[in-house]
Every structure is written in structure tokens, then in C-alpha cells.
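Working notes, beginning with the structure itself.
The values are calculated or read from the model by the stated rules, or taken from the named source; none is laboratory data. This one's a predicted model, so the numbers in the text were calculated from it and none came from an experiment. Note that we place each Cβ from the backbone using ideal geometry, even for glycine, and neighbour counts take in every protein chain shown. To get the accessible areas, we keep the full protein, side chains included, count just its heavy atoms, and leave off ligands, DNA and RNA. Shrake-Rupley method; radii C 1.70, N 1.55, O 1.52, S 1.80 Å.
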Amino acid sequence: MMKTTARTKVLITGVTRGLGRAMAKEFARLGHSVVGCGRSRREIEELRKDLGKPHDFAMVDVASDEEVRNWAAGVLKSHGAPELLLNNAAVINRNARLWEVSAAEFSQVLDVNVKGTVNVIRHFVPAMIKRKAGVIVNFSSGWGRSTDAEVAPYCASKWAVEGLTQALAQELPTGMAAAALNPGVINTSMLQSCFGGSAGSYIAPEDWAKRAVPYLLKLGPRDNGKQLTAP
């Protein structure tokens, strides 16, 4: 395993697939300490087996404030406050015109993408503020700065992430940062649900992570409030 000169404590939500899983493995490969959560028990167990200690993974639904609160209490006790918090967990609606999206599906998108982001902030950021250090990156999307047909709930959620991140940035003490990140277009299961077979023409999550992780590690107070786009 290649190691950098300083180990960073990284917390990632949505580690069981896509960008979250790819980032967890790349941060670990570079010698950083990764704590993460996801909703798939099988995938969580695989990550525990593959990466081992000091990394720590748990089955948590970020849409549940209670689950996040309990998870955070354990993480903060055993690992301390994260230095880099990546709110990556997200879901997307099935392609449909807005009036065809059920109330339950619309709520699920908002519950995970918006409320889930806030739940994690609520229970982890106070410990970061006590240290007056740390970077919070809330994953947005190209559809958090533009729109398209048949993904209105997802667009609404990511525009909300952009807005709440801007407000959060104004609330943090000097020395910290909150930024919204557009990761770009990556061949994940989420993209496949929208683009079908054409998603295969875009970069794979593992290749994306090799570029994005070093970029994320360089973020600092100067990036507070910025709308970032991954390289």
C-alpha cells in the first residue's frame, strides 16, 4: 500500500457502490483512514474484509436521523472527528415526467439526497467545529447546476444541496470549509439508469477516483463556499 506523509481521517457516505466505493478503496490505498456507511449489508461486509483496520464501515441509512446519530456517536468515540467529510450518498428517480413520479419516490430522493446530507452534518460537524478544522464536501451534480427532463426530483435535490452548502459555508468558523462538488459524468449504476447502454462511454468510477481523491485531499479553507467540479 502506498502511503502519503500524513494520514487523513476521511468519512464517506454511500460506500457500497459507485463513487463511494471507488473513493474508499483509493483513499485506503494511499494510506488514509476511511470510515464509511452504506445500506447494503453484503457490500459493507466485503469492504470490511477487503480493507480491514483501521478502516471502519457500517450499515446505515443516512435518511434516518436516528441511525446517523447512533453511528456518529460510535465513530466519534472510536475515531474522533473526520478531517474530510464526503456526503456522497444519493439516489435518483426512475426516468419519468414530474407528474408521473409517485409521492413515495419523490420523498425517497429528497430524504436521501437532502435530509441524509443534513443528518450527517448535524451529527458530525459539531465535533469538527470543536477542532476548528475540517472540510465538508457535499456531492452535487451537473444536474445541481442545470436541469434535464425526467429527472426533476433529482435536480431538485441537488439544487437544494448547492443552496444548503452555500449557507453552511457562511456558518462555519474560520479554518473550515464546506463546498459543493460536481463529480462529473461517471459510468455508475445511477448513470446507467438514465443513459442506458451509452453510460459505458464515460469514465469508470475507479479511474475517476484516481484523479478525484488527490484533488479532494488538497481542499482547504480557501475553498469554503465554492462550487467545485472534480478534475
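Can you tell me the FRET efficiency between I203 and S78 if r is taken as the Cβ-Cβ distance and R0 is 41 Å, rounded to the nearest 0.05? Before the final figure, lay out each step's value.
Values: r = 35 Å, r/R0 = 0.85.
Efficiency at R0 = 41 Å is approximately 0.75.
Mind putting together the pair-distance distribution for the stretch 37-126? All Cα pairs, 10 Å bins, whole percent per bin, short to long.
With 10 Å bins starting at 0, P(r) equals 15, 42, 29, 11, 2.
Answer rounded, prolate or oblate for the stretch 37-80, using the Cα gyration tensor with square roots of eigenvalues a ≥ b ≥ c: rounded when a/c is under 1.5, else prolate when a/b is larger than b/c, else oblate. Can you show the working numbers first?
Details: a/c = 3.90, a/b = 1.22, b/c = 3.19.
Judged from the Cα gyration tensor, the stretch 37-80 comes out oblate (a/c at least 1.5, b/c at or above a/b).
Would you please give the residues with an amide H less than 5 Å from that of V35, counting only those at least 5 places away or on a separate chain, with H modeled from the backbone geometry?
V10, L11, I12, D56
How large a share of the accessible area of the stretch 132-177, in percent, is made up of carbon and sulfur atoms when the probe is 1.4 Å and the other protein chains stay in place? Don't skip to the end; give the middle numbers.
Values: 970 of 1800 Å².
Looking at the stretch 132-177 in its full context, I get 54 percent from C and S.
Provide the per residue accessible area, probe 1.4 Å, for the chain, rounded to a whole number of square angstrom.
47 Å²
Give, in nm to one decimal, the length gained when the segment between K218 and K49 is fully stretched (0.36 nm per residue of separation minus the Cα-Cα distance). Walk me through the numbers before you get to the answer.
On the way: separation 169, 0.36 × 169 = 60.84 nm, distance 2.87 nm.
Full extension from K218 to K49 adds 58.0 nm.
If R₀ is 45 angstrom, what is the calculated FRET efficiency for the pair R7 and A149, using the beta carbon separation as r and rounding to 0.05?
E(calc), rounded to 0.05, equals 0.50.
Taking every eigenvalue of the Cα gyration tensor of the stretch 1-66, multiplying by 5 and rooting it, what semi-axes result, largest first, whole Å? List each step's numbers first, then the result.
Details: eigenvalues 86, 29, 19 Å².
Rounded to whole Å, the semi-axes are 21, 12, 10.
Computed on alpha carbon atoms, what radius of gyration and Dmax characterise the stretch 116-231, expressed in Å?
According to the Cα coordinates of the stretch 116-231, Rg and Dmax are 15.2, 47 Å.
Roughly how many Å² of E105 are accessible to a 1.4 Å probe, to the nearest 10?
That residue has around 30 Å² of solvent-accessible surface.
For the pair K130/R17, report the inter-label distance in nm, with labels modelled 7 Å from Cα in the Cβ direction.
It is 3.6 nm.
What net charge is computed for the residues neighbouring N93, neighbours being all others with C-beta under 11 Å from the C-beta of N93, Lys and Arg scored +1, Asp and Glu -1?
Numbers: positive: R94, R97; negative: E100, E105, E150.
In short, -1.
For the stretch 81-129, what mean projected area does the convex hull of the alpha carbons give, in nm²? Write down the numbers at each step before the final one.
Numbers: hull surface 15.4 nm².
Over every viewing direction, the Cα hull of the stretch 81-129 projects on average to 3.8 nm².
Could you look at the stretch 19-67 and say what percent of its accessible area is carbon and sulfur, using a 1.4 Å probe and all protein chains?
46 percent
Using only protein heavy atoms and a 1.4 Å probe, report how much of H123 is accessible, in Å² to the nearest 10.
Here the accessible area works out near 40 Å².
With N set to the residue count of the chain, report its C-alpha Rg divided by 2.2 N^0.38 Å to two decimal places.
Details: Rg = 16.6 Å, N = 231, 2.2 N^0.38 = 17.4 Å.
Taking the Cα Rg and dividing by 2.2 N^0.38 Å, one obtains 0.96.
If you rank M59, M190 by how much accessible surface each has, with a 1.4 Å probe, what is the order from largest down? Present the calculation step by step, with values, prior to reporting the outcome.
Numbers: M59 85, M190 45 Å².
From most exposed to least exposed: M59, M190.
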